[in-house]
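The values are calculated or read from the model by the stated rules, or taken from the named source; none is laboratory data. Just so we're clear, the structure is a prediction, and the values are computed from it rather than from any experiment. Positions of Cβ are generated from backbone atoms using ideal geometry, with glycine treated the same way; all protein chains shown enter the neighbour counts.
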């Protein structure tokens, strides 16, 4: 199944840990589509940001439970991709 790069990569994940890893270890975190595999994620990052990807690690994160006035609800599960870039390649997120 062929997906568009902007459909695969939903948004960058900006946290303290992700910011530290991008500065020191050249790794960037993104929230991606649940159906996307590592090859599709690699191709999407390379085409959107014009960088060379060394490897991709993915995680499926479970949605949290939270209380509402009507009982308990659950947020959706989401997929996280950690992208390792080659050499001196950098992504300017902001």
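What the table shows:
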{"read-out": "Where residue 39 falls short, out of the listed (1) surrounded by 10 or more Cβ atoms within 10 Å (Cβ to Cβ); (2) assigned to a helix (DSSP H, G or I)", "value": "(1)"}
{"read-out": "Residue count, region 13-30 (criterion: surrounded by 15 or more Cβ atoms within 10 Å (Cβ to Cβ) and either modelled with pLDDT of 95 or more or not in a helix (DSSP H, G or I) (or both))", "value": "6"}
{"read-out": "Positions within region 24-36 being over 18 Å from residue 91 (Cα atoms) and in contact with a strand residue (DSSP E or B) (Cβ under 8 Å, 6 or more places away or on another chain), in sequence order", "value": "33, 34, 36"}
{"read-out": "Members of region 26-75 that are farther than 20 Å from residue 8 by Cβ and either in contact (Cβ under 8 Å) with a residue 40 or more places away in the chain or in contact with a helix residue (DSSP H, G or I) (Cβ under 9 Å, 6 or more places away or on another chain) (or both)", "value": "26"}
{"read-out": "Region 62-83, subset more than 11 Å from the chain's Cα centre (by Cα) and assigned to a strand (DSSP E or B), residue nearest to residue 6 (Cα to Cα)", "value": "74"}
